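Accompanying notes for the structure given below.
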Amino acid sequence: MHQPEPDFAPRVLHLTQPVDGGVARVVTDLARAQLAAGMRVTVACPESGLARDLRSLGADVRRWEATRAPGPSLPGEVRRLGRMLTAVRPDLVHAHSAKAGLAGRLAVRGRVPTVFQPHAWSFEAVGGSTAALALRWERLGARWAHRLVCVSEAERTTGRRAGIAGHWSVVPNGIDLDRFHPAPVDTVRAALLPDADPAAPLVVCVGRLCRQKGQDVLLRAWDAVLRRLPGARLALVGDGPDGEELRSRAPESVVFAGSVADAVPWYQAADLVVLPSRWEGMALAPLEALACGRPVVVTDVDGARESMPSALAPRCVVPPDDPAALAGAVVHLLLDPLLRESLGHEGRRHVVDAHDVRRTAAAVSDLYRELLAGTRPFAPPATRLPSAAHPAGPAEPDGPTGLTDHAPSTEPSEPSEPSGPCDSSDPSGPSRAPHPSRAPEPPDPAPSADIRSTGAPAERPTAAPPTTARPTAEPPAGRSTDDISNERRESIHS
């Protein structure tokens, strides 16, 4: 595993809201790896189980009360982040998901290198005017991100097609292979479901109970599964805003396990894992299931095909929002135990080769080094933060704003405050529809490596070579990384 050099110890500020699900796991994995590498890690998030876990790792956790979706509280959330920036004086800010990306970029405004990682685009989660407003913000806010980090090439392509321009990197999600590993099905299942028939097929779906994850589609498909396999059981692992409605519609063969501290035993107990999402960036649950040696059925959303080995895709990827296709794939695999075993072994090999969390952490560290090496301190912007009395209200820029040499615009127009949900993991808006503003994807230069960094939009590669972070620049002669970091902290403090 690649480790940063001992003298590379930047002060990194992670911003996150939400504080559960896959985003929380990504932040936790990054914090653990960065602390082990000697970085100084601060995380701003609401008080939560995530905050407690991060403190136990040794991270400096700062309480930042923020809602999942933007609203009247946004100006206060931005001001609190501004005070936190002055107190922490980070070398680099890494904002996770739509809400933290919104508040974080409004607070930082390019004064220090800023990474924004959407973990699925907010405008994919909603429809109508709310989607248009979320997309407008993402186009405008890209100027305050020195790097837009996507977890799949498909997620990056979705952003580009929507007119978001900037410097892009693709860093696929990774899994802790020591934690997620195969285990004997019978032993684990008996502990979880002692009263269940051990010979009955068990399908498991792990994820927040919300519209994004598509458990409602799975329940509609489940009736068809039961007609072919009357003894089959379905376990929904997780909790969320749709829990009550799902429980009211579920037959007796469906088990609601609720929120669990460790989903590994449920993966290990499953004959088949299903994630019928409506949208994703690259979901963690399928990777976790594959790491446990279990085949998965997923919907054909962003990141799905990239997360699957080629042997699984023809049998295991189905259209989203299609209960009949989902039921057909589930039944086919439940009726063929030898095929399930073969696909499970293939899936485990794929995750070991392509999605080890240590590779992900090393790629993010290399990205930080690239952004920090040789950069000059940024001057504070000459624009005001939004306030309750004076909410921001910009005009749409003439076109997507590209970045040059990782430098944001120094005098950007004031961004508007989105109203309505922009949380890609918990939408409350109408059903998603193709957005009319999406233009055909522009032509592009030659593809880059699997862990990619591009200053202009880059076309999807036809084949992904082994994941390798590209070399990064060294600080200018006579100046160390620490010298540059000290100058930058003085700049933000001024």
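The values are calculated or read from the model by the stated rules, or taken from the named source; none is laboratory data. For clarity, every value in this text was computed on a predicted model and none was experimentally measured. In this analysis, Cβ positions are derived from the backbone assuming ideal geometry, glycine residues included, and neighbour counts consider all displayed protein chains. In case anyone asks, the SASA skips ligands and DNA or RNA and just uses the protein heavy atoms, side chains included. Shrake-Rupley method; radii C 1.70, N 1.55, O 1.52, S 1.80 Å.
Structure notes:
- Overall, the range 1-155 carries a charge dipole of about 640 debye about its Cα centre when +1 sits on the Cβ of Lys and Arg and -1 on the Cβ of Asp and Glu, all other atoms neutral.
- For the range 8-71, the solvent-accessible area works out to 34 Å² per residue, with a probe of 1.4 Å and every protein chain left in place.
- Multiplying the residue separation of Asp321 and His181 by 0.36 nm and subtracting their alpha-carbon distance yields 47.4 nm.
- In range of the label at Ser310: residues from the range 150-188 whose backbone nitrogen is under 20 Å from the point 7 Å along Cα→Cβ: 153-154
- Between the range 248-282 and the range 207-221, the alpha-carbon centres lie 9 Å apart.
- Modelled spin labels at Arg358 and Val260, positioned 7 Å past Cα toward Cβ, are 2.7 nm from each other.
- Accessible area of the range 97-228 belonging to carbon and sulfur atoms, whole % at 1.4 Å probe: 51
- Shown here for the range 220-317: GluC sites (Glu not before Pro) in loop regions (DSSP other than H, G, I, E, B) with at most 10 other Cβ atoms within 10 Å, namely Glu252.
- Among Lys99, Lys213, the order of accessible area from largest down is Lys213, Lys99, computed with a 1.4 Å probe on protein heavy atoms.
- Asp239-Ala373 FRET efficiency (beta carbon distance; Förster radius 45 Å; 0.05 resolution): 0.55
- Only Lys, Arg, Asp and Glu carry charge here, each on its Cβ (+1 for the first two, -1 for the last two); on that basis the range 133-242 has a dipole of about 720 debye about its Cα centre.
- The residue list Leu106, Ala95, Val26 was ranked by how far each Cα lies along the charge dipole of the range 1-151 toward its positive end, using unit charges on Cβ atoms, and Leu106 comes out on top.
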